[in-house]
1. If each DSSP helix of 4+ residues adds -39,500 (n - 2.57) and the sum is divided by the residues in the chain, what number results at 222 nm, nearest 500 deg cm²/dmol?
2. Assuming 0.36 nm per residue, please report the length gained on full extension of the stretch T38 to S52 beyond their Cα-Cα distance.
3. Rounded to the nearest 0.05, what FRET efficiency do S76 and S27 have when you use their Cβ-Cβ distance and R0 = 25 Å?
4. Average the reciprocal distances over every distinct pair of alpha-carbons in the range 1-114, invert the result, and give the Kirkwood radius in Å.
5. Which distance in nm do the two modelled labels at A116 and S97 give, with both placed 7 Å along the Cα-to-Cβ direction?
Amino acid sequence: MKTPSTMVSILYAHVSVTALTGLVTGSLYKMSRPNGSTLEDIVINGLPVNGSQVQLGTANVNIYVPDLLITVGGNSQPVPDTARLEYLEGQAATILSESFTQTHSFTLGSITIIPAEEIPMHYINVRVDFQFFPS
């Protein structure tokens, strides 16, 4: 039986050998990122996998991008770095578009940008849909 950790390991191995890791200022992590990181980190985590004969599941690839600080009326405030988010979004969509093997496949599910809670960052949430084939 495949698990969310299986998806995380597959995507980690896939992303670690692509150009995406060289495009960010931070590192690639499984499940969570270090507290206090101010870098562009990639974090891979998994959602539930069903128990049917052809198992289906979804994993997340989250790419964190620090906000820019702008000054309005003498006050500094964070705003999304939309140019950087758009660039990394496009790269991630290409790299995670699809992969097929004898044991599994994955395809790009959806992409959205989400404000990170309590830190001046936004992250690109890429959902990757998996199918695991019976052996």
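Each reported figure results from applying straightforward, stated rules to the coordinates on display, with no laboratory input. The structure presented is a predicted model; accordingly, all values stated were derived computationally and were not measured. Note that each Cβ is placed from the backbone with ideal geometry, even for glycine, and that neighbours are counted across all protein chains shown.
1. -7000 deg cm²/dmol
2. Full-extension gain reported as 1.0 nm.
3. 0.35
4. Roughly 15.6 Å, rounded to one decimal.
5. According to this spin-label approximation, the distance is 2.9 nm.
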